[in-house]
Amino acid sequence: MSNPSQHESEAGDTDIVAKEPEGLVELLQLLANAREDGDSIRLRTVLDVIGRRSFGPMLLLAGLVTVAPLIGDIPGVPTLIGIFVFLIALQLLLGRDHFWLPAFLLQRQIRQQTLHKVVVWMMPAARFTDRFLRPRLSFLINGGARYGVAILALLVSLLMPMMEFIPFSANAAGLTLTVFGLALITRDGLLALIAFGLTGLSVGVIIWALL
């Protein structure tokens with residue numbers, strides 16, 4: 001029998017099997033149930049709750065953090081989210097089935113009260129949005145198409161540090177990641193098409209700001 005510590009990753013994560021969300025409401029409910037002792041909660045704990053084996057939930061989490069009030073507007077958050085998305089998108093392209101993240105990201109903390117406020121604020125919109133999500137045009141997000149999504153997410157992640165200096169551009173990137181994440185977990189290719197357009201918008205905003 002192997003020692004349980006042998007199953008830990010390089011960053012000290014345990015391989016926890018979590019119920020992966022199937023919609024925006026389910027993801028928010030999982031976030032609301034994430035708990036740690038003390039006033040703050042680490043990214044490690046949040047990922048243990050939503051799961052680390054699927055690209056969709058992690059991409060959706062990254063998008064929600066970026067667009068969320070009280071969180072996404074904090075200086076440095078878009079850059080950290082950019083690093084997070086870059087790492088998971090790159091690992092998907094390399095064929096990994098479990099996403100590794102460095103300790104400096106996993107140890108990032110947020111006040112549990114702030115997270116709860118964000119969940120409450122987003123829940124009505126999440127319930128409304130989930131009513132319109134369903135599997136359709138699945139060829140746009142299944143199989144090799146997932147790698148196309150990963151490449152576009154990688155592109156957005158590379159732009160996010162520059163978005164620290166361009167008002168509202170990080171919100172556009174966060175919306176793009178949110179829509180991509182929702183498209184993947186609900187198998188909704190129409191959402192993927194919308195996210196493709198939003199990716200072009202995000203790139204356009206950067207180019208316009210730099211000219």
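The values are calculated or read from the model by the stated rules, or taken from the named source; none is laboratory data. Only a predicted model underlies this, so the values are computations on that prediction, with no experimental measurement involved. For neighbour counting, all protein chains shown are included, and Cβ atoms are generated from backbone atoms with ideal geometry for every residue, glycine included. Surface accessibility is based on the protein's heavy atoms, side chains included, excluding ligands, DNA and RNA. Shrake-Rupley method; radii C 1.70, N 1.55, O 1.52, S 1.80 Å.
So here's what we get for this one:
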{"quantity": "Sequence-distant residues sharing a close amide H with ARG53 (under 5 Å, placed H)", "calculated": "none"}
{"quantity": "Residue-averaged [θ]222 nm for the chain, counting only DSSP H segments that reach four residues, each worth -39500 (n - 2.57)", "calculated": "-20000 deg cm²/dmol"}
{"quantity": "Cα convex hull volume per residue for the chain (Å³)", "calculated": "125 Å³"}
{"quantity": "For the range 117-157: rounded, prolate or oblate by the Cα gyration tensor [a/c cutoff 1.5]", "calculated": "oblate"}
{"quantity": "Cβ charges +1 (Lys, Arg) and -1 (Asp, Glu), total dipole of the range 41-141, debye", "calculated": "200 debye"}
{"quantity": "Calculated FRET efficiency for the pair TRP100/ALA125, C-beta based, R₀ 30 Å, to 0.05", "calculated": "0.40"}
{"quantity": "Chymotrypsin sites (Phe, Trp or Tyr not before Pro) within the range 129-209, DSSP loop, no more than 16 other Cβ atoms inside 10 Å", "calculated": "PHE132, PHE165, PHE168"}
{"quantity": "Accessible-area ranking of LEU94, LEU201, largest first, probe 1.4 Å", "calculated": "LEU94, LEU201"}
{"quantity": "Directionally averaged projected area (convex hull, Cα atoms, the range 19-86), nm²", "calculated": "4.8 nm²"}
{"quantity": "Amide proton proximity set for SER40, modelled H, under 5 Å, gap of 5+", "calculated": "GLN112"}
{"quantity": "Measure of compaction for the range 101-211 (Cα Rg per 2.2 N^0.38 Å)", "calculated": "1.19"}
{"quantity": "Per residue solvent-accessible surface (Å²) - the chain, probe of 1.4 Å", "calculated": "51 Å²"}
{"quantity": "Surface share of carbon and sulfur [accessible, 1.4 angstrom probe, percent] for the chain", "calculated": "64 percent"}
